[in-house]
Amino acid sequence: MKFFVMYAETCVEEYAAPGADIFDLERGCLNSEFQFLDKSPLSVEISDEGGIEFPDFILEGSIPLISAGVKRVFEKFGVDYVFYKPIQLTYSLLGRAENYWLAVPPRIDCLDTRKSIIEVEDNEFLLPTELIREAKKICIAENQIGRYDIFKLAGVVNQEIIITERLKNALAAENFENVFFYELEE
């Protein structure tokens, strides 16, 4: 099975960028710690740093926002394990508002540690379980993903959103704006 990283271009000047209030969600999104997130709607003014085009996928650091169209593909595909929260991006000066969904995939333990390259922080003052681990080469243990078609990696600090080829093909068929993929090496 092939796996892909789903990403968004973040430095397109025309695309809207959420303002600082979006970072209230960062703790929950960073490590998929859903206990720090709630499902109540959130309205966020867009930043002056961005434009006024609203693409289908916005990735602000570790915070993924998807359009209703992307969410429909997820639901049609049976993705019922992603944490969703309604987010409205507003541009008060123009009286414009666009609805998005915070879509945080779970972290699962599916990294093939024999084939992956994992860099471990060198710090003699921390216990081995406290050291920062980052996968420099990601190889997925296919038998560990179960029914999940979208996820992040557990046990490492990586922020990549990984999807199966089946979900990638379903998303690519829709020609969403600012939804890109690259294949992970085997």
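None of the figures in this text is laboratory data; all of them are computed from the coordinates on show. None of these values were measured; they are calculated from a predicted model. Glycine gets a Cβ as well: all are built from the backbone with ideal geometry, and neighbour counts include every protein chain shown.
Brief remarks follow.
- Counting only residues at least eight positions apart within a chain, or on another chain, the lysines with an alpha carbon under 24 Å from that of residue 2 are 71, 76, 115, 136, 137, 152, 168.
- Positive-end residue of 110, 42, 123, charge dipole of the chain with Cβ unit charges: 110
- Highest-first arrangement of 116-124, 169-177, where packing means the average Cβ count within 10 Å: 169-177, 116-124
- Among beta bridges that DSSP assigns inside the stretch 85-182, antiparallel share in %, nearest 5: 90 percent
- Sequentially through the stretch 58-74, phi angles give Karplus couplings (6.51, -1.76, 1.60; θ = phi - 60°) of 10, 10, 9, x, 9, 9, x, 10, 10, 6, 4, x, 5, 4, 4, 5, 4 Hz, Gly and Pro residues having no value and appearing as x.
- Viscosity 1.002 mPa s, 20 °C: Kirkwood-radius Stokes-Einstein D of the stretch 42-146 over Cα pairs, µm²/s: 126 µm²/s
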